[in-house]
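Encoded as structure tokens, the structure appears first; notes follow it.
The values are calculated or read from the model by the stated rules, or taken from the named source; none is laboratory data. Worth saying up front: this structure is predicted, and the values here are computed from it rather than measured. We place every Cβ from the backbone using ideal geometry, glycine too, and count neighbours over all the protein chains shown.
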């Protein structure tokens, strides 16, 4: 399906109206002493290629700071860590091969540079980095010259600023990874469909500091205390480390269904202990019932509910580009569109300009992300929660959306409605 460029232009015009022991600090790995069992073919990975801008600084015995171009990673070199001036740099990598990796990996250069005192690496994580996991289960690992990955003990975690810190005495390739996670972290099912969920780990709950990051293993059932479901559907489990979610046969009033897993694995970071970490999976129910008692086989499109009414399906697609991303759907003469600038994952709240916009036309009513005559900006947002090579999926809310009767341009009738939507749309570029 091609997006209607004139329609998109009209849409935009309308929108404009703590303390750590030295034994926990990783040091350069001597590959000849590596554990042969740990360095199995499952844990040896390729070396990624650098991408994007490189940040460089010259730092001497007095110490200094270096951070990546995107501000995601910051390296603080203390006084006395270097005996003479040294040019250091950080650059993003095109891929992270670390098992369980999340987000962007980085290369710190010169590779293998050793420090006389521990250097602090501070990492800014995002909401996407903890999908299916929890901040307390985020870890940082570095790649050895052998090609495997070793984890570092987390020295600090700030869930308010979303900051994670570790210490090291050498440079290498570094990556975030999820030590424990719920799989899948998000899923798409059609009404009446089901999805299997499991709790996995890359590090056992009792793992020490500097160890090899292995391939994932299912968490022992004894570490899982309970499963809970928020939303419609059924959740069953034959054992505590795996479960099955079955969606209702009709689109639910609220999307997504949320599956929570509580673990009895206390995690201590610095001086704080997280007693009952929780993992969450968001399961989006999309599609339409194919008839009484039947299960549909298609879950592609955009579904919209106005004032908790019946869900309406729109066939559509998404165009992703560097200037304006647009999702457009049509159903007969009615249409829905969402636009935003920025990435293809994350939360984008409505704006008064054309940055983040919403429009829905059904019959004689035009709904938008503003309401009243002033107008006021609607609450809610577009939440882009997953993508693959073919699809982008997520949800949106407009609370309240403003509507106007388009058949009375001189003295239009106005009002407000609550709108919610869910989408799984095919990428057209």
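Just to be sure I understand, how many residues within region 151-168 are surrounded by fewer than 16 Cβ atoms within 10 Å (Cβ to Cβ) and either within 18 Å of residue 119 (Cβ to Cβ) or in contact with a strand residue (DSSP E or B) (Cβ under 6 Å, 6 or more places away or on another chain) (or both)? Here the count works out to 1. Is it the case, given these coordinates, that residue 143 is touching a helix residue (DSSP H, G or I) at 6+ places or on another chain (Cβ under 7 Å) and surrounded by 21 or more Cβ atoms within 10 Å (Cβ to Cβ)? It is false that residue 143 is touching a helix residue (DSSP H, G or I) at 6+ places or on another chain (Cβ under 7 Å) and surrounded by 21 or more Cβ atoms within 10 Å (Cβ to Cβ).
Check whether at least one residue in region 233-247 is more than 30 Å from residue 423 (Cα to Cα), outside the structural domain of residue 112 (by TED's automatic domain parsing) and in contact with a strand residue (DSSP E or B) (Cβ under 6 Å, 6 or more places away or on another chain), and report yes or no. Within region 233-247 (the criterion being more than 30 Å from residue 423 (Cα to Cα), outside the structural domain of residue 112 (by TED's automatic domain parsing) and in contact with a strand residue (DSSP E or B) (Cβ under 6 Å, 6 or more places away or on another chain)), the answer is yes, since at least one residue qualifies.
Scanning region 311-348 for residues that are touching a helix residue (DSSP H, G or I) at 6+ places or on another chain (Cβ under 6 Å) and either at positive phi or not in a strand (DSSP E or B) (or both) yields a count of 1.
Can you pull out every residue in region 141-176 that is more than 18 Å from residue 267 (Cα to Cα) and assigned to a loop (DSSP other than H, G, I, E, B)? Selection gives 144, 145, 146, 147, 148, 161, 171, 172.
Can you confirm whether residue 351 is in contact with a strand residue (DSSP E or B) (Cβ under 8 Å, 6 or more places away or on another chain), in a loop (DSSP other than H, G, I, E, B) and at pLDDT 90 or above? Judged against the criteria, residue 351 is a match.
Kindly indicate whether any position in region 86-107 is assigned by TED's automatic domain parsing to the domain that holds residue 67, buried (at least 17 other Cβ atoms within 10 Å of the Cβ), under 19 Å from residue 213 (Cα atoms) and out of contact with any strand residue (DSSP E or B) (no Cβ under 7 Å at 6 or more places or on another chain). Yes, there is a match, as at least one residue in region 86-107 is assigned by TED's automatic domain parsing to the domain that holds residue 67, buried (at least 17 other Cβ atoms within 10 Å of the Cβ), under 19 Å from residue 213 (Cα atoms) and out of contact with any strand residue (DSSP E or B) (no Cβ under 7 Å at 6 or more places or on another chain).
What number of residues within region 284-302 satisfy the criterion of being over 11 Å from residue 251 (Cβ atoms) and at pLDDT below 90? The number of residues fulfilling the criteria is 10.
Only residues that are over 27 Å from the mean Cα position of the chain (by Cα) and at pLDDT below 90 were counted across region 303-330, and they come to 4. Among residues of region 72-85 that are at positive phi, those with a beta-carbon under 8 Å from a residue that is part of a strand (DSSP E or B) at least six positions away or on a different chain give the pairs 80/116; 80/117.
Is it the case that region 71-85 has a residue that's modelled with pLDDT under 95 and assigned to a strand (DSSP E or B)? The answer is no, given that none of the residues of region 71-85 is modelled with pLDDT under 95 and assigned to a strand (DSSP E or B). Scanning region 52-69 for residues that are assigned to a strand (DSSP E or B) and surrounded by 14 or more Cβ atoms within 10 Å (Cβ to Cβ) turns up 54, 55, 57, 59, 64, 66, 67. Taken across region 379-394, residues that are farther than 24 Å from residue 250 by Cα, in contact with a helix residue (DSSP H, G or I) (Cβ under 8 Å, 6 or more places away or on another chain) and part of a strand (DSSP E or B) do not occur at all.
On inspection, residue 304 fails the criterion of being within 22 Å of residue 378 (Cβ to Cβ), part of a strand (DSSP E or B), in contact with a helix residue (DSSP H, G or I) (Cβ under 8 Å, 6 or more places away or on another chain) and not assigned by TED's automatic domain parsing to the domain that holds residue 191.
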